[in-house]
1. Work through the residues other than residue 65 whose Cβ is under 14 Å from its Cβ and net out their charges, Lys, Arg +1 and Asp, Glu -1.
2. If I fit a long axis through the Cα atoms of helix 52-61 and take the longest principal axis of the Cα atoms of the chain, what angle between them do I get, 0 to 90°, rounded to 10?
3. In whole Hz, what ³J(HN,Hα) sequence does region 33-43 give by Karplus (6.51, -1.76, 1.60; θ = phi - 60°), x for Gly and Pro?
4. Pairing the Cα long axis of helix 15-25 with the longest principal axis of the chain, what angle in degrees results, from 0 to 90 and rounded to the nearest 10?
5. What is the sum of charges around residue 39, taking Lys and Arg as +1, Asp and Glu as -1, for the other residues whose C-beta is under 13 Å from the C-beta of residue 39?
6. The chain: percent of C-alpha pairs farther apart than 18 Å?
Amino acid sequence: MKIVKLQLEPLSCPSCIQNIEKALKREKGVQGVKVMFHSSKVKVEVDEGVTPDQLRSVVEGIGYSVQRAI
C-alpha cells in the first residue's frame, strides 16, 4: 500500500469533502481517503499500481480542480 497526496484548488464548502471522499472510495484500489478542508489537500491510501493521474481524473470528473500531486 502507498500514500498519494493531492493539492486541490481551495474548497468552498464542507460538503465538498463528502463528495470527494465518496468518489475516490468508489475507485478500485483505494483503501482510505482523508480530505483536509482548510488546506485543500487529499491523502489517499491506495494499492500499488494506482497512479496520481487516476485519482486526479476522479476528482476532476466530479468538478473539482487538482493543482498537483504532492
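1. Details: positive: 41, 56, 68; negative: 9, 60.
Cβ neighbours under 14 Å give a net charge of +1.
2. Computed tilt is about 40 degrees.
3. Coupling constants for region 33-43: 9, 9, 9, 9, 4, 5, 9, 6, 10, 10, 10 Hz.
4. 10
5. In short, +3.
6. Values: 574 of 2415 pairs.
Beyond 18 Å sits 24 percent of the P(r) for the chain.
Values in this text are rule-based calculations from the coordinates and carry no lab data. Note that the structure is predicted; figures quoted are calculated from it, not measured. Cβ atoms come from the backbone with ideal geometry, glycine included; neighbour counts cover every protein chain shown.
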